[in-house]
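Comments concern the structure below.
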Amino acid sequence: MKKLKFLLPLAIFLGLVAFLLVGLGLNPREVPSPLIGKPAPAFDLPRLDDPAQRVRREDLLGKVWMLNVWASWCAACRDEHPLLVEMAARKIVPIYGLDYKDTRAAGQQTLARFGDPYVASLFDADGRVGIDWGVYGVPETFIIDKAGVIRMKHIGPLTPDVILNKIEPLVRQLNG
Amino acid sequence: MARWIVILTLALLAGWTQAKEAAPAAEDPVLEARMLRIATELRCLVCQNQTIADSHAELAVDLRNQVKDMLKRGDSDQMIIDYMTARYGDFVLYRPPLKGTTYILWFGPALLLVGGLGALLLVLRRRSRLSPDQFEPDPDAEPFVADSDTKPAK
């Protein structure tokens, strides 16, 4: 009994350490999106390369697609850009871009310089569609299924690990 | 006197900063006030310890404009809060709602307090039942004991 009393502070300390250890692994910047499992918010936006052409949510129903929110001013987007180009080359899933709060010239220039992995980039100059999609930091990536429901959201730049272990299996499952 | 000067300066400064913030929507101060009241309930997701009313982050400015537009459209406060929660989750609310997943958040501190008081009460009651010789003698009391004829009981 006496021994147990000595051990009690140690046990409490170890408990604290366990909590702190778990806390270290959590990222408070990654706010879980309430949109997962919900229908993707509607949008009707002009294409970045051609203001005359518009893309609507309804146009994309019936296929699994990926929405990648990017901007020419976003440094982290540049980090993930080669991965997107590679994904597009491997035809894993059609990638649509959302050029968030950008200017047309700067957006087009970025794609001309670093390659264009997007089937189409939607041009969201004032960021309203971004707000509708719950975007709060760029880059963000969504996977949308055939029924137009958001199935996954990744916050921050994509990594080879995320693409290989999360996106690819999910897309296969949704297409299968 | 000095205190009055400080208070006066602060009051003037407060008026000045408010005037500055209200400038863009001077057309409708009532709307602006409503927008700011809602904005103080919402967390800015870029700088997480600020409300979107305090923050100068671009997203906060956009969200304030969104709130303003919705108010102009005639939406109620609750509709705006619901709109934000549907997109960013309960995390945007500075006053999280009371529900299953937030019980620990709401009642945890009270539980800890009650638990602590309970433990304290138990220990104190057990101590009050112990006989005095269970405690170590008070070292400060020793000189008086030495002066007396009887030796302290060991």
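Points worth noting:
Listed here are the residues, each with its yes/no results for (1) surrounded by 13 or more Cβ atoms within 10 Å (Cβ to Cβ); (2) in contact with a strand residue (DSSP E or B) (Cβ under 6 Å, 6 or more places away or on another chain); (3) more than 14 Å from chain A (Cβ to nearest Cβ).
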residue	(1), (2), (3)
B:37	no, no, yes
B:49	no, no, no
B:57	yes, no, no
B:73	no, no, no
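- Among the residues of the stretch A:140-176, the one identified as touching a Phe, Trp or Tyr at 6+ places or on another chain (Cβ under 6 Å), within 14 Å of chain B (Cβ to nearest Cβ) and not charged (D, E, K, R) is A:150.
- Some residue of the stretch B:112-121 being modelled with pLDDT of 90 or more and over 28 Å from the mean Cα position of the chain (by Cα): yes
- Residues of the stretch A:153-168 that turn out to be in a helix (DSSP H, G or I) and crowded, with 18+ Cβ neighbours inside 10 Å, as a count: 2
- Scanning the stretch A:94-102 turns up no residue that is modelled with pLDDT of 95 or more and within 14 Å of chain B (Cβ to nearest Cβ).
- If the condition is being surrounded by fewer than 22 Cβ atoms within 10 Å (Cβ to Cβ) and in a strand (DSSP E or B), then the stretch A:62-93 contributes only A:65.
- Check on residue B:75, closer than 20 Å to residue A:133 by Cα and not in a helix (DSSP H, G or I): yes
- In the stretch A:66-95, the residues that are within 20 Å of residue A:151 (Cβ to Cβ) and touching a Phe, Trp or Tyr at 6+ places or on another chain (Cβ under 6 Å): A:67, A:69, A:94, A:95
- Here residue A:50 clears all of (1) surrounded by fewer than 19 Cβ atoms within 10 Å (Cβ to Cβ); (2) touching a residue at least 12 places away in the same chain (Cβ under 8 Å) except the condition numbered (2).
The values are calculated or read from the model by the stated rules, or taken from the named source; none is laboratory data. Note that this is a predicted model, so its numbers are computed, not measured. Because the Cβ atoms are built from the backbone with ideal geometry, glycine has one as well, and the counts that use them run over all protein chains shown.
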